[in-house]
Amino acid sequence: MSDRKRPETTWPARSPAQPPAAAVVLADGTVEAEDTSGRVAPSPAVHFLRTHPDLTDLVLACVRTEPGRTGFMWTDGAVRTLVRVWVDPFRDPRGRSMGRVLIEPCHPSPYGLTLRELDVLTLVVAGLTNNEIAERLVTSPRTVTTHVDRLLTKLQLSGRAAAAALALDQGLVRLPLPGGSTRFERLRLGRVATVAQGGAPVPSPVPSSPRPLRRRPLLLGAALPLTGPAADDGREMLLATRLALEEINDLGGIAGRRIELVTADFDVTVHESVRAAFTELVEQEVDALTSGYIGPQDVAHEIAADYGCPYLHAATLDSMVSRVAADPDRYGGIFQVCPSDTCYGPGFVRFLTRLRDSGQWRPESNRLMVVQGVWPLGNLGRSAMATAVERGGWTLQVISEIGMSEDAWQRTARQVRAAAPAAVLVGHYFMPGSLAFLRELLRDGPPILPYLLYTPSIPSFRHSLGALSEGLLWATVTGTYSDHLGQSFAARYRKMHDISPGRSHAGIAYDRARMIAGAWAQVDDPRDHRRVAKALRSTIHRGVNGSYYFADPGQAALAYPEMTPDPSIGQAHLVYQIQGSRQRILSPSPYADGQFQLPPWYARNAVTSLA
């Protein structure tokens, strides 16, 4: 690079109708006006090149190293003038190397790109990832992601490869190259930049033999609670996702691209742990995000919205569904792959009412209770539950904000036993507290029918509770069916992992991996997040946990029969009972495969109570 002083010269005013100004640069650095019609034509390009030796050095590098046309963007140090430069090398009749230079002032810049967006686009041309671009530009990966999204929008393109091709075709690469010519060595402009900086000319690489093109795998990011209170669930999610990806990759992946799993461990109850896990996945530039249930689900939502890729979660939170519906521009890539917890409370009351009215169960009181743990954004559908209580002729008592400790749940069990309700809904999603509650509740006292949410779906729950698990009722708004699809999934899971899956989150994890893969397969560029989200919205997916349909504004799965009478577009709100160490579905039709049976400890407690 020349060390000559660069004057602050700007481009003279020019009408947009005028063609780019031309000049000729000889191999020795001499700048001349273009000779047209036998005379020397005055040109602002001559003056501009003579007063900007750094730009002349770049033009000379093009003349000396590249036989074809080269185009690039350039601006002076004061960023007063942005120009697009085209260099066409040729030899005059005397055999001298020279280049015809066209200089076009760009005010505004092409496509309205900012200088920073031109830098990012230039590094995209070299194939750098967002993390690598951030390192070169000394900024954050999230900021780079925003720049990439904006420049793709301005260019009206769907992916990075198309943007890189357009940048090279239309001369939108910025020289000097941001951060140096490393990683540009195989590109024409990289060789030009090396020569302009005083380096030796690098010949165009010619491979000795064709090499097969290796395409970057698609990355599925999964936030999994592999340690902490939800670790048993996290393991189920991990194993089921691995099964789904192995099956997809065995069939050739997505258009020949493998899907690889990227995981981040976290505690589902701790804000900072959630933030760290999702930030870790985003920094690895995953192509989609997934997770199960999370207490501070809003933290995950905001990170996913900032990043912009599709995010499939199973938090069963109506508050998060409402957030998506209220701001589809920001949260349009976020999908809740299960119905909300607002179905649980009214479903509990309606099921017990039918059980009582059919004569299958004769409760000793008309009192119902709900005990609810600390789950910041959930409410179990209390309003609809109150209506169902009144219609069914029940009374209701609620104990909420119970902590995570086993002692807290044992104390709550003693309160319930003293109140002697007909049945109690246990609104808690973690095994230790639920097990402590049941052991204390069923130890003795009046006959009370416990009705749990989700937790008994985990195989280790039944093993830990032992004989007391017999006859236990539990419900989930997203459970694995007992039909052919569900049984086939369970058999493949056992074959791969030598253990049986649970009846909820294993199926969810398997289904959501296949859903995102199906959406990727429908678009030409899986990095086009908006089109992938559109594919998810417009497709009905029948999985092992039922049907997923996200056309509603909140982009959450529909509950059958609460939200839709059509089971082909919804997930059944399943009520199970453990019978003979097997999970039997009692409701709803047509998925039921068993009839309610009084638990053995219920009859025993009834006799004790009468005595």
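With θ taken as phi - 60° and the coefficients 6.51, -1.76 and 1.60, list the Karplus ³J(HN,Hα) couplings across the range 343-348 in order, rounded to whole Hz; mark glycine and proline as x.
7, 5, x, x, x, 4
Rounded to the nearest 5, what is the percent of antiparallel bridges among the DSSP beta bridges in the range 536-584? Show your work: numbers first, answer last.
On the way: 6 of 9 bridges.
The answer is about 65 percent antiparallel.
Taking amide H positions as placed 1.01 Å from N in the peptide plane, with prolines and chain starts having none, which residues 5 or more places from Cys106, or on another chain, fall under 5 Å of its amide H?
Hits under the 5 Å cutoff: Leu82, Val83, Arg84.
Students often check this: by mean Cβ neighbours within 10 Å, which of 327-333, 281-287 ranks highest, and how do the rest follow?
So the order, starting with the most tightly packed, is 281-287, 327-333.
Would you pull out the residues with amide H under 5 Å of Ala423's amide H, same chain only if 5 or more places away, H placed 1.01 Å from N?
Correct list: Met369, Leu449.
Using a ≥ b ≥ c from the Cα gyration tensor of the range 257-330 (square roots of the eigenvalues), is it rounded, prolate or oblate, where a/c under 1.5 gives rounded and otherwise the larger of a/b and b/c decides, a/b for prolate?
Verdict is oblate for the range 257-330.
Name the long-range amide H neighbours of Arg174: under 5 Å, sequence gap of 5 or more, or other chain; modelled H, no Pro or chain starts.
HN-HN under 5 Å from Arg174: Met73, Thr122.
Take every Cα pair under 8 Å in the range 462-611 that's 6+ residues apart, average their separations, divide by the length, and report that relative contact order as a whole percent. Could the numbers behind the result be given before it?
Numbers: 215 pairs, mean separation 39.6, N = 150.
Value for the range 462-611: 26 percent.
Which part of the range 274-293 falls in the paramagnetic zone of Arg330, meaning amide N under 20 Å from the point 7 Å along Cα-to-beta-carbon?
Counting only backbone N, you get 274-276, 278-279, 282, 289.
What number comes out for accessible area per residue over the chain if the probe is 1.4 Å? Units Å², please.
Using a 1.4 Å probe on heavy atoms only, each residue of the chain averages 42 Å².
Quickly work out the Asp92-to-Thr279 label distance, labels modelled 7 Å from Cα along the C-beta direction, and quote it in nm with one decimal.
Computed distance between label sites Thr279 and Asp92 equals 6.1 nm.
Would you mind counting up the charge near His505? Only other residues with Cβ under 11 Å from its Cβ, with Lys and Arg at +1 and Asp and Glu at -1.
Details: positive: Arg235, Arg503, Arg512; negative: Asp232, Asp233, Glu236, Asp511.
Local net charge: -1.
From the backbone phi of the range 283-294, what are the Karplus-calculated ³J(HN,Hα) couplings (6.51 cos²θ - 1.76 cosθ + 1.60, θ = phi - 60°) in whole Hz, Gly and Pro given as x?
5, 8, 6, 5, 8, 7, 10, 9, 6, x, 9, 9
Under 12 Å from a point 7 Å along the Cα-to-Cβ line of Lys495: which residues of the range 231-268 have their amide N that close?
Once the point is set 7 Å along Cα→Cβ of Lys495, 247 turn out to lie under 12 Å by backbone N, inside the range 231-268.
Once R0 is set to 51 Å, what does the formula 1/(1 + (r/R0)^6) return for the Cβ-Cβ distance between Glu406 and Ser538, expressed as a FRET efficiency to the nearest 0.05?
On the way: r = 46 Å, r/R0 = 0.91.
Using R0 = 51 Å, I get an efficiency of 0.65.
Quick one: what are the phi-derived ³J(HN,Hα) couplings along the range 481-496, Karplus 6.51/-1.76/1.60 with θ = phi - 60°, whole Hz, x for glycine and proline?
With the stated coefficients, the range 481-496 comes to 5, 9, 7, 4, 4, x, 5, 5, 4, 4, 5, 5, 4, 4, 5, 7 Hz.
Figure the gain on full extension for Thr30 and Thr182 (residue separation times 0.36 nm, minus the Cα-Cα span) and round it to one decimal in nm.
51.8 nm
Report the normalised scattering of the chain as log10 I(q)/I(0) at q = 0.05, 0.09, 0.10, 0.12 Å⁻¹, calculated by the Debye formula with identical scatterers on the alpha carbons.
Computed log10 I(q)/I(0) values: -0.34, -0.77, -0.87, -1.11.
Could you give the length gained on full extension between Asp250 and Arg216, defined as 0.36 nm per residue of separation minus the Cα-Cα distance, in nm?
Taking Asp250 through Arg216 to full extension adds about 10.5 nm, to one decimal.
For the chain, what is the percent of antiparallel DSSP beta bridges, rounded to the nearest 5?
Close to 50 percent.
Which order, highest average first, do 451-462, 306-317, 384-395 follow once you tally other Cβ atoms within 10 Å for each residue and take the mean per peptide?
Descending packing order for the listed peptides: 306-317, 451-462, 384-395.
For Val398 and Arg414 in one chain, what is 0.36 nm times their gap in residues minus the Cα-Cα distance, to one decimal in nm?
4.3 nm
With the full set of protein chains in place, find how many percent of the accessible area of the range 526-568 is carbon and sulfur; take the probe as 1.4 Å.
Details: 1000 of 1910 Å².
Whole-percent figure for carbon plus sulfur exposure: 53.
The values are calculated or read from the model by the stated rules, or taken from the named source; none is laboratory data. All figures in this text were calculated on a predicted structure; none of them were measured in a lab. Cβ sites come from the backbone with ideal geometry, for glycine too, and all protein chains shown count toward neighbours. Surface accessibility is based on the protein's heavy atoms, side chains included, excluding ligands, DNA and RNA. Shrake-Rupley method; radii C 1.70, N 1.55, O 1.52, S 1.80 Å.
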